[in-house]
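Peer 1: Please see the structure below; I have some questions.
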Amino acid sequence: MSKEDKEKTQIIDKDLDLSNAGRGVWLVKVPKYIAQKWEKAPTNMDVGKLRINKTPGQKAQVSLSLTPAVLALDPDEKIPTEHILDVSQVTKQTLGVFSHMAPSDGKENSTTSTAQPDNEKLYMEGRIVQKLECRPIADNCYMKLKLESIRKASEPQRRVQPIDKIVQNFKPVKDHAHNIEYRERKKAEGKKARDDKNAVMDMLFHAFEKHQYYNIKDLVKITNQPISYLKEILKDVCDYNMKNPHKNMWELKKEYRHYKTEEKKEEEHKSGSSDSE
């Protein structure tokens, strides 16, 4: 449930039936194989018999025996029938058992709170006074059951199985589309051929008219020349900056520059103002 759904959910106060609040209830923890048997059993079936032996001055001995009707639900599965219940008192805790029932519309019984939340009835079935843990007697049947559970747990989830025929779960791809596209593009571009040195220098001068500094990658894209050949030409007409702020960038040598310096700009500005006077 999202945060918005929680905010939209309306909290409705309901009455709680406390007629059984004084009743003592046992909380019993049973093994998984017993719980699975009881889930398969119909509601009107006796699933077990509880025996309590009380000896004066000693703790009561509680035992549980499963009925033949429960064992007959799955005859192939052999499980222990006799169990001992270890009893412990509930102290420093207040635990209760609650139930809720929503009245049905006659079509089907419902115990959820989504059908008719306004008419839902809440009950307190009792207060937990003792906790009991059900453990089987260590006989041959239990030992075989435990050994089988250990064997199943140790089995690997994945196994190597030989196959008699070819199983094609997917089609192998000889080559991927992006690899084919890349090769076709490179083939269309062709191998970079060395142009005439003067032509390359003209392209460089034209590029340096736009910007004063370039890195080698941009110059390779502009001239479309092999990087080794381009570096030979750059060494003749350009300087490589080794210091910041234009580190690792190329700039035209002074003899090839035609940038206007600040002093020349000022002189031109002064001459222009004197001519206007």
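The values are calculated or read from the model by the stated rules, or taken from the named source; none is laboratory data. Since the structure is predicted, the reported quantities are computational estimates derived from the model, not experimental observations. Here the Cβ is made from the backbone with ideal geometry for all residues, glycine too, and neighbour counts use every protein chain on show. Keep in mind that these areas ignore ligands, DNA and RNA; they rest on the heavy atoms of the full protein, side chains included. Shrake-Rupley method; radii C 1.70, N 1.55, O 1.52, S 1.80 Å.
Peer 1: With respect to Asp202, determine if the residue is surrounded by fewer than 10 Cβ atoms within 10 Å (Cβ to Cβ) and either at pLDDT below 85 or not hydrophobic (A, V, I, L, M, F, W, C) (or both). Outline the logic, then answer.
Peer 2: Details: surrounded by fewer than 10 Cβ atoms within 10 Å (Cβ to Cβ): no; either at pLDDT below 85 or not hydrophobic (A, V, I, L, M, F, W, C) (or both): yes.
Taking the combined requirement at face value, the residue does not satisfy it.
Peer 1: A follow-up question, please. Can you name the residue in segment 35-77 that is of a type in the set (Asp, Glu) and in a loop (DSSP other than H, G, I, E, B) and is also least open to solvent (accessible area, probe 1.4 Å) among such residues? Please lay out each step first, then the result.
Peer 2: First, the residues of segment 35-77 that are of a type in the set (Asp, Glu): 39, 46, 74, 76-77.
After this cut, where a residue has to be in a loop (DSSP other than H, G, I, E, B) as well, the list is 46, 74, 76-77.
Numbers: Asp46: 115, Asp74: 43, Asp76: 142, Glu77: 60 Å².
Filtering segment 35-77 for residues that are of a type in the set (Asp, Glu) and in a loop (DSSP other than H, G, I, E, B), the one least open to solvent (accessible area, probe 1.4 Å) comes out as Asp74.
Peer 1: Still on this structure, please answer the following. Filter segment 228-260 down to residues that are assigned to a strand (DSSP E or B) and open to solvent by less than 70 Å² (accessible area, probe 1.4 Å), then give me how many there are.
Peer 2: So the count comes out to 5.
Peer 1: Would you please name the residue that is modelled with the highest pLDDT, looking only at residues in segment 262-277 that are of a type in the set (S, T, N, Q) and open to solvent by less than 70 Å² (accessible area, probe 1.4 Å)?
Peer 2: To start, the set of residues in segment 262-277 that are of a type in the set (S, T, N, Q) comprises 271, 273-274, 276.
When the remaining residues are screened for being open to solvent by less than 70 Å² (accessible area, probe 1.4 Å), the result is 271, 273-274.
Details: Ser271: 56, Ser273: 50, Ser274: 49.
Here the answer is Ser271.
Peer 1: A further question follows. Could you check segment 25-34 and list, in sequence order, the residues that are open to solvent by 50 Å² or more (accessible area, probe 1.4 Å) and assigned to a strand (DSSP E or B)?
Peer 2: Taking segment 25-34 first, the residues open to solvent by 50 Å² or more (accessible area, probe 1.4 Å) are 26-29, 32.
Within segment 25-34, Trp26, Leu27, Val28, Lys29 qualify.
Peer 1: Given the structure, is Ala207 outside any strand (DSSP E or B), in contact with a helix residue (DSSP H, G or I) (Cβ under 6 Å, 6 or more places away or on another chain), at pLDDT 85 or above and not hydroxyl-bearing (Ser, Thr, Tyr)?
Peer 2: On the way: outside any strand (DSSP E or B): yes; in contact with a helix residue (DSSP H, G or I) (Cβ under 6 Å, 6 or more places away or on another chain): yes; at pLDDT 85 or above: yes; not hydroxyl-bearing (Ser, Thr, Tyr): yes.
Yes; evaluated as a whole, the condition is true for this residue.
Peer 1: Of the residues Arg194, Arg158, Arg183, Arg135, which single one is surrounded by 10 or more Cβ atoms within 10 Å (Cβ to Cβ) and more than 30 Å from Thr223 (Cβ to Cβ)?
Peer 2: Working: Arg194 fails: more than 30 Å from Thr223 (Cβ to Cβ); Arg158 fails: surrounded by 10 or more Cβ atoms within 10 Å (Cβ to Cβ); Arg183 fails: more than 30 Å from Thr223 (Cβ to Cβ).
Of the residues listed, the single one that is surrounded by 10 or more Cβ atoms within 10 Å (Cβ to Cβ) and more than 30 Å from Thr223 (Cβ to Cβ) is Arg135.
Peer 1: Just to be sure, is Gln225 in a loop (DSSP other than H, G, I, E, B), in contact with a helix residue (DSSP H, G or I) (Cβ under 7 Å, 6 or more places away or on another chain), in contact (Cβ under 8 Å) with a residue 12 or more places away in the chain and of a type outside the set (Lys, Arg)? It would help to see each step written out before you state the result.
Peer 2: On the way: in a loop (DSSP other than H, G, I, E, B): yes; in contact with a helix residue (DSSP H, G or I) (Cβ under 7 Å, 6 or more places away or on another chain): yes; in contact (Cβ under 8 Å) with a residue 12 or more places away in the chain: yes; of a type outside the set (Lys, Arg): yes.
Spelling it out, Gln225 is indeed in a loop (DSSP other than H, G, I, E, B), in contact with a helix residue (DSSP H, G or I) (Cβ under 7 Å, 6 or more places away or on another chain), in contact (Cβ under 8 Å) with a residue 12 or more places away in the chain and of a type outside the set (Lys, Arg).
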